[in-house]
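The values are calculated or read from the model by the stated rules, or taken from the named source; none is laboratory data. Since the model is a prediction, treat every value here as computed from it, not as a measurement. So basically every Cβ, Gly included, is an ideal-geometry build from the backbone, and we count neighbours across all protein chains shown. Areas reflect the complete protein model, heavy atoms only, side chains present, ligands, DNA and RNA absent. Shrake-Rupley method; radii C 1.70, N 1.55, O 1.52, S 1.80 Å.
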Number of protein chains: 2
Amino acid sequence: MARARTTLDAFNAVAEPRRRQVLGLLAHGELPVNDMVHALGWQQPQVSKHLSVLLEVGLVRVRREGRQRIYGLDAGRLKEIHDWTATFEHFWQHQLERIKERAEAKKTSARPRGIVPPRG
Amino acid sequence: MARARTTLDAFNAVAEPRRRQVLGLLAHGELPVNDMVHALGWQQPQVSKHLSVLLEVGLVRVRREGRQRIYGLDAGRLKEIHDWTATFEHFWQHQLERIKERAEAKKTSARPRGIVPPRG
DNA sequence: TTGACATATTCCATTATCAGAATATAATTT
DNA sequence: AAATTATATTCTGATAATGGAATATGTCAA
């Protein structure tokens, strides 16, 4: 078996750094392909191909306008990722607290560095 | 060129659904490999291999205890993803508002469905 | 209908993933 | 030292994504 399809879900689509760049660009507003080509400095086919992945996953929407195609964000699928990571939110908060605790209580310096036991 | 390495960053590591399962499991607390094998119902080598990816990316930490290796979450890298998606948070909020607006104002029924213009 | 412009698709070569099976390493017990 | 337990690594085969180059499609203008 191979790696999961890029178009399987938002997680896979967004794993590609360039695709995140495209989404970041579209965060400023809708754009026709050529504007993205210029803004990103890539070949036009690459931009189109990345857009087609984003479109298939539903991270982006298109609209025709003359011979142009105007792309815009469809952020709903990003919320899935946001929600999933939010599940772990208290872990990194907890971790930050521990870092603070350690910085303050410098007396015990030779303790083995264990993992934060996530009880509960 | 091929796809970005799985170990390039948290985005790629987490794109694999099974790796998200592992992280979800570890959210309940630290676990030795064998417990994960039983909890997940996969072959031991697959569990170890996924763990090694998560380890290389820094999403997970290990600790030796006898012949066991106890794995635990290291959620810091997940925060990167959370923060990135948070950039787009207002887009889906905006989208929800628009859905509400439409539901309330049902008079204009035949408008072309355009994209929310994200004028920042 | 020819030409120009905007965008999408196809073909190619390279590369890496993933599951599964087999095997290797490492620590513990007898 | 041999057996046992826990975990990691290697090999294989199938799959597919990526950029680049070339080309196709689609739309508008003359």
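For the range B:45-56, indicate whether the set of residues that are more than 10 Å from DNA strand C (Cβ to nearest atom), under 27 Å from A:Ala15 (Cα atoms) and not hydrophobic (A, V, I, L, M, F, W, C) is non-empty.
Within the range B:45-56 (the criterion being more than 10 Å from DNA strand C (Cβ to nearest atom), under 27 Å from A:Ala15 (Cα atoms) and not hydrophobic (A, V, I, L, M, F, W, C)), the answer is no, since none of the residues qualifies.
Name the residues in the range A:1-27 that are away from DNA strand C (no atom under 12 Å from the Cβ), without any contact (Cβ under 8 Å) to a residue 40 or more places away in the chain and not basic (Lys, Arg), would you?
A:Glu16, A:Pro17, A:Gln21, A:Gly24, A:Leu25
Report yes if some residue within the range B:67-85 is among the hydroxyl-bearing types (Ser, Thr, Tyr), modelled with pLDDT of 95 or more and away from DNA strand D (no atom under 16 Å from the Cβ); otherwise report no. Quick ask: steps written out before the conclusion?
Residues of the range B:67-85 that are among the hydroxyl-bearing types (Ser, Thr, Tyr), as a first pass: B:71, B:85.
Adding the requirement that they be modelled with pLDDT of 95 or more leaves B:71, B:85.
Adding the requirement that they be away from DNA strand D (no atom under 16 Å from the Cβ) leaves B:85.
Yes: the range B:67-85 contains one or more residues that are among the hydroxyl-bearing types (Ser, Thr, Tyr), modelled with pLDDT of 95 or more and away from DNA strand D (no atom under 16 Å from the Cβ).
Scan the helices (runs of 4 or more DSSP H) fully inside the range B:1-87 and keep the ones with 2 or more residues being over 23 Å from A:Thr87 (Cα atoms), of a type in the set (A, V, I, L, M) and open to solvent by less than 70 Å² (accessible area, probe 1.4 Å). Even if it seems obvious, please write down each step before you answer.
Details: elements: B:10-15, B:17-26, B:33-40, B:44-57, B:76-86.
Correct list: empty, since no element meets the threshold.
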